[in-house]
Amino acid sequence: MPIDLVSRREWGARSPRGSYSSLTSTRGVKIHYTGGRVDPGIVNDHARCVKLVKSIQSHHMDGNGWVDIGYSMIACPHRKVFVGRGPKRLPAANGAGLNSAHYAVLGLVGSSGLVQPNDAMLHAILDAVEYLRDRGGAGREIKGHRDGYSTSCPGDPLYAWIRRGAPRPGGDGDPEPPEPHPSFPGRTLKYPPVMVGEDVRTWQRQMRERGWDIDVDGLYGPSSRDVCRAFQEEKDLAVTGAVDRATWNAAWEEPIT
């Protein structure tokens, strides 16, 4: 099925306030959700999808002060793909310093109301990814917003699908989901001062198993901070030296290189 694009003119997009920064290639695409409540009625009424996309653009432009909607493309539950900023243009939704590495695709689900993407939306997300690969030089990665940024986005249902390899619905031989790992402890591990705890020891042990030269002593001091910084740089995370949710998850989920 060819991509069912909804052009900016068709959805009534406002004109951008300024010029876009150009983008010729990326490592891939990051998937997002709205973060708020999405009316389940959009599943049966495409006009509500249009209204929601327009409201998101207004929030990004009037609330965030961005030149335009922050997403590259938006996927709705009718297997339609709205053009946001589009290919070859820098998105704004991935977080400061993280937009040049990945395009941003929004699935119209939220943290309440409509939270589970239907098959048509998953197809639309992948249609958008393929479009960005073809027209915008997007790389092969499909990641969640939380990969590299401390956030709950794109929500657990979408993120579980991404971790399964983002398979097309109805496909055969989908890979098994990865084994669960220790949950983020709820506090960011950082130095100074030295932080002490079993959560520190758990993270240090995992980093040791990944091959890093680190003491498993339960003390988060300068040596742990330096390992954290090096790991964040390797995995294209925000280099802070602090183990936030994204860095914690990456210690178990990112491939060893």
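Numbers below:
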{"quantity": "Percent accessible area from carbon and sulfur atoms, the chain, protein chains only, probe 1.4 Å", "calculated": "48 percent"}
{"quantity": "Residue-count net charge about Ser22 - beta-carbon cut-off 12 Å; Lys, Arg +1, Asp, Glu -1", "calculated": "+3"}
{"quantity": "The stretch 43-180, Rg to Rh (Cα coordinates; Rh as Kirkwood inverse mean 1/r)", "calculated": "0.94"}
{"quantity": "Highest to lowest packing among 209-220, 101-112, 118-129, 17-28, scored as the average C-beta count within 10 Å", "calculated": "101-112, 118-129, 209-220, 17-28"}
{"quantity": "Helical contribution to [θ] at 222 nm, DSSP H n ≥ 4, -39,500 (n - 2.57), averaged over the chain, rounded to 500", "calculated": "-9000 deg cm²/dmol"}
{"quantity": "Cα Rg, Dmax (largest Cα-Cα span) when computed across the chain, Å", "calculated": "19.3, 59"}
{"quantity": "Electrostatic dipole magnitude of the chain [Cβ: Lys, Arg +1; Asp, Glu -1; Cα centre; debye, to 20]", "calculated": "1020 debye"}
{"quantity": "Accessible area per residue, Å², the chain with all protein chains present, probe 1.4 Å", "calculated": "47 Å²"}
{"quantity": "22 Å Cα cut-off, lysine pairs counted over the chain (separation 8 or more, or different chains)", "calculated": "13"}
{"quantity": "Per residue convex hull volume, Cα atoms of the stretch 201-249, in Å³", "calculated": "68 Å³"}
{"quantity": "Kirkwood hydrodynamic radius of the stretch 90-153, Cα pairs, Å", "calculated": "12.8 Å"}
{"quantity": "Calculated FRET efficiency for the pair Ser111/Arg9, C-beta based, R₀ 45 Å, to 0.05", "calculated": "0.90"}
{"quantity": "Net charge of neighbours whose Cβ lies under 13 Å from the Cβ of Lys80, counting Lys and Arg as +1 and Asp and Glu as -1", "calculated": "-2"}
{"quantity": "Positive dipole terminus of the chain, leading residue within Leu52, Tyr149, Gly218 (C-beta point charges)", "calculated": "Leu52"}
{"quantity": "FRET efficiency, 1/(1 + (r/R0)^6) with R0 25 Å, evaluated for Arg27 and Asp134 via beta carbons", "calculated": "0.95"}
{"quantity": "Lys, Arg +1 and Asp, Glu -1 on Cβ, resulting dipole of the stretch 42-83 about Cα centre, debye, nearest 20", "calculated": "200 debye"}
{"quantity": "The stretch 18-44-the stretch 180-223 distance, computed between alpha-carbon centres (Å)", "calculated": "33 Å"}
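The values are calculated or read from the model by the stated rules, or taken from the named source; none is laboratory data. All of these numbers come straight from a predicted model, not from anything done at the bench. With ideal geometry, Cβ positions are generated from the backbone for all residues, glycine too; neighbour counts draw on all protein chains shown. Ligands, DNA and RNA are stripped out before the accessible areas are found, and what is left, the full protein with its side chains, is counted by its heavy atoms. Shrake-Rupley method; radii C 1.70, N 1.55, O 1.52, S 1.80 Å.
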